[in-house]
1. Please report the accessible area of D146 (heavy atoms, 1.4 Å probe, ligands and nucleic acids excluded) in Å², nearest 10.
2. If we count every other residue with Cβ under 14 angstrom of V103's Cβ, Lys/Arg +1 and Asp/Glu -1, where does the sum land?
3. How many nm is it between the label spots at T174 and V40, if each spot is 7 Å from the Cα in line with the beta carbon?
4. In a solvent-free Debye calculation with one equal scatterer on each Cα, what is log10 I(q)/I(0) for the chain at q = 0.09, 0.11, 0.14, 0.17 Å⁻¹, listed in the order of the q values?
5. Label R144 and H165 with points 7 Å out from Cα along Cα→Cβ: what is the distance between them in nm?
6. Does anything in region 53-86 have its amide N under 19 Å from the 7 Å Cα→Cβ label point of S26, and if so which residues?
7. Per residue, how many Å² of accessible area does the chain show with a 1.4 Å probe?
8. Which of P44, P113, P173 moves most in a GNM of the chain, Cα contacts under 10 Å?
Amino acid sequence: MSALVAGVGAYTVLLTLLLAAGEHLSKPAALSAALAAQRVVPAPSVVAAAVIAAEGLLGVAGVVALLRDDGGPLLGLVLAGAAALLASYAGYGWYVRSTGRTVPCGCSRVEQPLTGWVVARAAVLAGLALTGSLLSGAVVPLGRPDTVLLTVLLAATTFTALLAHLPAAMHDPTPVQPPARVGRGGVPG
């Protein structure tokens, strides 16, 4: 059972990091513009480049670890780094949301607002990375294809797709309207 839990967590996080790096590389100005709109970091372009590099390096290092039969310790280290990165995304997103500004998240090349769902997604991914890191020795490497690996890859691909689209799917662009006030005699007032 731990192979399934650890594997799904590890593969989901690594697929998400690779997907995020690819999205950011396809339109790098989107992340930089979102960071500038959030008005938190002093050099948005430098931070954007560091974020893209960190996502890409962690994703590739994780794949390298999964291709090795003895990659458990390296995978554990990579996933610990991913947990730290994703937890910092969750904390940063929570802080930006607490300012009350409506800003883009910079999560992909498509502009979407930084909502609580973006923060929740980052927190879930950080938890998956931490779980994968703690159980990294149980993760089935890519070099040992069997039914457990197939199940893990199918589940991780599904979770990656669901988590990637979660904020957009849960975002309601309709502003919340206060209820109409009713005066005496049932006349709106």
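1. Taking all protein chains as shown, D146 has close to 80 Å².
2. +2
3. 3.0 nm
4. So the normalised log intensities work out to -0.38, -0.52, -0.77, -1.04.
5. 3.3 nm
6. Hits in region 53-86 for S26 at 19 Å: 53-57, 59-60.
7. Heavy-atom SASA per residue in the chain reads 54 Å².
8. Of P44, P113, P173, the most mobile in the Gaussian network model is P173.
The values are calculated or read from the model by the stated rules, or taken from the named source; none is laboratory data. Here the structure is a predicted model, which is why all the values come from computation and not from measurement. Neighbour counts are summed over all protein chains in view; Cβ atoms, including those assigned to glycine, are modelled from backbone coordinates with ideal geometry. In case anyone asks, the SASA skips ligands and DNA or RNA and just uses the protein heavy atoms, side chains included. Shrake-Rupley method; radii C 1.70, N 1.55, O 1.52, S 1.80 Å.
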